[in-house]
Each structure stands twice: as structure tokens, then as C-alpha cells.
1. Can you tell me which residue in segment 112-129 is modelled with the highest pLDDT, limited to those that are closer than 15 Å to residue 179 by Cβ and surrounded by fewer than 18 Cβ atoms within 10 Å (Cβ to Cβ)?
2. Among the listed residues 96, 102, identify the single one that is at pLDDT 80 or above and assigned by TED's automatic domain parsing to the domain that holds residue 16.
3. When you go through (1) under 23 Å from residue 49 (Cα atoms); (2) over 20 Å from the mean Cα position of the chain (by Cα); (3) surrounded by 15 or more Cβ atoms within 10 Å (Cβ to Cβ) one by one for residue 152, which number turns out not to apply?
4. Can you find a residue that is over 25 Å from residue 12 (Cα atoms), in contact (Cβ under 8 Å) with a residue 40 or more places away in the chain and part of a helix (DSSP H, G or I) anywhere in segment 53-67?
5. Of (1) modelled with pLDDT of 90 or more; (2) not assigned by TED's automatic domain parsing to the domain that holds residue 36, residue 88 satisfies all except one. Which?
6. Would you please name the residue that is surrounded by the most Cβ atoms within 10 Å (Cβ to Cβ), looking only at residues in segment 65-84 that are under 17 Å from the mean Cα position of the chain (by Cα) and within 13 Å of residue 17 (Cα to Cα)?
7. Is it true that residue 179 is modelled with pLDDT of 90 or more and under 28 Å from residue 49 (Cβ atoms)?
């Protein structure tokens, strides 16, 4: 029966997400909850592609503005809400690239990152973000700092007040847990 818990938890999260989307459709002020849940994911997604903090912040803001504006048109298709946000982010990045290329023939390399991402890739990343969110707090913080914020082991150890060995162990356990979860979901 212990094997049923992750599936039940995933179904509960999906149901909660649907309720949040419906609430935001009825009252746009409720969109803040969806923003809070998904901000880090979307920012990390954008930041990995543009590699410029200011541009990533601007584009992330634009993603949520567009999501709020188009929320009445959002339809559930079996993928998490974050997958829809990633698609919007991909389009926003592509639009910025096109605009910059048109305005400046010398293409801005900060925006030249890959913008075309398959829907399967977006779903995989959304699933990975969800699994990271399910890690124990210490492991989740280390994984987020290491891979989303791209901090070194030493920087993380200093910030968390732990030894580098402890941070490495938390990272190892977190990654090991993620691998096992991903293989269970795929297998």
C-alpha cells in the first residue's frame, strides 16, 4: 500500500492545482497563489535559456502577465499547469529573440539560447520540478541551490551553516531519490 502514496499525492496535487486555476479564473486576484507555486520553476526555466538575470526577470514577469491574461483559455490536457507556463515562457523567449534580432543585426548572445523545447521536454521538467518539491526540506534546498541557482558546494555549505561533506551527502541523497522516482514513473 505504501506504493499508492505517491500516486495519491500526485492526484491530490493535480486536484488542488485545478481548484486554484478555477479560483483564479473566477477572481484574478487569486492568481497570486499559482504565481507563488510556479515562480521558481518558470524563473529557473527562463534563466537557463537567457543567462542574463535582468532579462530573465523581465521575461518571467512577462510569462505570468500573459498567463493571467490568457487564463480563461487554458484547458487541461493531462499535463501540469506548469507545462502550460513553460510553453508560454518558450514563446516569450522566442519572441524576445526575434525582436532583438530584428532591431540589432548583431544578435544578442544572451538571448540566443535554445528556445525550441518539445512538449515532452516541458512535461519531463515539470515532473522533475514536482519531484524536487517532494524531497525532504534539506535535500530540496541543496538541489535548488546547486542546480537552479548554480551555487558551488562551498557557497551552499556557507549559506546553510553546514560542512561541505554534509552538503555533498544531501545532494547525493536528493539526486538518488529523484533518479529512483523518475525510473519508477517511467518504468
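1. Step by step, filter segment 112-129, then rank; the result is 128.
2. Values: 102 fails: at pLDDT 80 or above.
The conditions single out 96.
3. All conditions pass for residue 152, except number (3).
4. Keep residues of segment 53-67 that are over 25 Å from residue 12 (Cα atoms), which gives 53-63, 65-66.
Then drop every residue that is not in contact (Cβ under 8 Å) with a residue 40 or more places away in the chain, which leaves 55.
Applying the additional criterion that residues be part of a helix (DSSP H, G or I) yields 55.
Yes, there is a match, as at least one residue in segment 53-67 is over 25 Å from residue 12 (Cα atoms), in contact (Cβ under 8 Å) with a residue 40 or more places away in the chain and part of a helix (DSSP H, G or I).
5. Checking residue 88 against (1) modelled with pLDDT of 90 or more; (2) not assigned by TED's automatic domain parsing to the domain that holds residue 36, the one that fails is (2).
6. Here the residue is 82.
7. Values: modelled with pLDDT of 90 or more: no; under 28 Å from residue 49 (Cβ atoms): yes.
Against the criterion (modelled with pLDDT of 90 or more and under 28 Å from residue 49 (Cβ atoms)), residue 179 does not qualify.
The values are calculated or read from the model by the stated rules, or taken from the named source; none is laboratory data. For clarity, every value in this text was computed on a predicted model and none was experimentally measured. Ideal geometry is used to build each Cβ from the backbone, glycine not excepted, and the neighbour counts take in all protein chains shown.
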